[in-house]
């Protein structure tokens, strides 16, 4: 039987500690049986009936649980079998898909559609690249905007905080 | 009395020691077998892809039907036999015989498709069971009796072991590691749920990515089959390589087999002629000989020699193929017209040691090391063991045996700027790149020599025996060399030949190198003129057909001129 330590956890410690007492706790069945027997005023046979009843209830509970477990295992087995079949079907479909893209099937389909491979009679000859990519980059083009316009733009930018004057003048 | 007691005690102790110490391992295992159950969890075998990640092999589930005759009542036998024969197409009388036997277990049919299993299941035949098995399914090939790339891929037997080709060579990587569940059982063979369980998940096999191109492979198989039939040949093979990496692009044999039906295939067909057989390469070897002589500084393409059509070496008179006096010719002419005397003179000019070193540089004195199972090679004798006549015949490819992988890798040295690219089929194993690809390539000959030889091989196509391989638009951009060698039987050369052609294009920036070998061709009319069996009549047209497919599929354009 389980033993329980009574009430010191979390409690404020007393100045004078009382000597600890251990009490043997009674189980639920014992307590319930005693209370029921007291209230029903059962004799010895009554006690036996209650005991047998409790056992029968426990047995039924066990049987129900076992049946549920058995049913679950059947379900698992069925689902595993189903999964295996689905995987097999998936493999089969995968093979069909891969086969459909196989060169043999592609050619067969093409032939059935009246297509055939034609060997090109001529090819576009390559030509030398006209641009020499190794030449160093030249200087960037000179800014052709008049000086006065640049000065105005600088002033306007400084005052107005805008920076699109130059762009606007080009349109 | 004491002695007798001691002897008896000693006997008992020794017997105890025998059972408890000597026999401990065996008895412990027997005890474990009674209460321990060990279930193996098979690993999923890795898939195989081509260079464009097109899947070449798929794992599929197949079914085997078995019967337990002792569980079939006598009255049910007819129903069971009828059901099995109607769905599986097996002989009903045979099934009845099996059912009437005292056996506990018998297979009715193995490895059939899911559709049949789906028909069989609803019949609920007593004593009949279905067993699931995994099977490798390969892509269809050029005909119903073949699968794509059967010779290079190999197959997987019913025990799950790779046989031949890549499947065998990469068995460990593809197969993975099976897992297991180990648990305890009670007397009624029920699992003790709260007992000690050991569970290890299987490690699935790794996928392989090959350098193969499925489309080119198919085109090669088709062209080869047509060519072998046209030439009335015994067999033929095609090998195509990426010149820069050494990766095999196509590996075709004819006749081939159906890897999906290996158990009904003549085992002789499993042997792969590309890597499993050796042949005498004939004049293709002149590319190696002349490259070596140029490297040694013994000749140049313009060196002029006198070729009277015959040369005496080591007591033998060795002739050119046409037995004609060609007079003064340069080495470009020698290669273009495949003159044996010229090759022998080049070998003599560089000397035996240099010639042998050159064979080593081109990888012809050791196996190619390709990652395909069962490579076969016949290595030449040591340099000091070869006679003068052996050196002479080896210079034009007779009396020296190589396999096709060795020969193609050797010629590819010229296409690859003088570097030897190790031949391989697998580019990636799982996520790991094949280490061969990460190693620097060995410089076999100088780039200058390779360029000179390329120019000479271009002349073979433009002015020599390679004319039947010319592809429209690439006439100036092809390099090639024919080879024809007589097949020896019991030490005597016969009229049967190996006819071959090797070439690459575009010559200056090759995209592929291809070798075609036809065995024992009997070209129409060859009984009157045996030269019709030559490489230019038999192997070259096949090379041309496949090269055209490559040009179209890979969008290859000629070099600018």
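Couple of notes before you dig in:
- Equivalent ellipsoid, segment A:28-102 (semi-axes from 5 times Cα gyration tensor eigenvalues, Å): 61, 9, 5
- P(r) tail fraction, chain B - alpha-carbon pairs more than 35 Å apart, %: 50 percent
- Sorted by Cβ neighbour density within 10 Å, fewest at the top, the residues B:522, B:352, B:432: B:432, B:352, B:522
- Whole-number D in µm²/s for segment B:12-64 (Stokes-Einstein; Kirkwood sum over Cα pairs; 20 °C, 1.002 mPa s): 132 µm²/s
- Estimated translational D of segment B:124-228 in µm²/s (Stokes, Kirkwood radius over Cα pairs; 25 °C; 0.890 mPa s): 138 µm²/s
- Over segment B:429-474, the hull volume per residue, using the convex hull of the C-alpha atoms, is 156 Å³.
- Taking the longest Cα principal axis of chain B as reference, the axis of helix B:352-361 is set at about 50 degrees.
- Convex hull of alpha carbon positions in segment B:176-273: directionally averaged projected area 11.6 nm².
- Considering helices alone, the calculated mean residue ellipticity of chain B at 222 nm is -10000 deg cm²/dmol, with DSSP H runs of length four and up weighted by -39500 (n - 2.57) and normalised per residue.
- Peptides A:51-57, B:489-495, B:68-74, B:256-262 ordered by average Cβ neighbours within 10 Å, highest first: B:256-262, B:68-74, A:51-57, B:489-495
- Degrees separating the helix B:214-230 axis from the principal Cα axis of chain B, which is the longest one: 70 degrees
- Relative counts (whole %) of C-alpha pair distances in segment B:445-561, using bins that are 5 Å wide: 2, 12, 21, 21, 16, 12, 8, 5, 2, 0, 0
- With contacts taken as Cα pairs under 8 Å and at least 6 residues apart, chain B reaches a relative contact order of 14 percent.
- Sorted by Cβ density within 10 Å, fewest first, the residues A:105, B:456, B:11: B:11, A:105, B:456
- Exposure proxy shown here: for B:50, B:388, B:253, the number of other Cβ atoms within 10 Å sets the order, fewest to most, as B:388, B:50, B:253.
- Across all C-alpha atoms in the protein assembly as shown, the radius of gyration and Dmax reach 40.5, 138 Å.
- Taking packing as the residue-averaged number of other Cβ atoms within 10 angstrom, the listed peptides B:398-409, B:126-137 run from highest to lowest as B:398-409, B:126-137.
- Acute angle (nearest 10 degrees) that the helix B:285-295 long axis makes with the longest principal axis of chain B, alpha-carbon atoms: 60 degrees
Read-outs throughout are calculated quantities, based only on the coordinates presented, and are distinct from any laboratory measurement. Not measured: the values here are computed from a predicted model. Please note: Cβ atoms are built from the backbone with ideal geometry, for glycine as well, and neighbour counts cover all protein chains shown.
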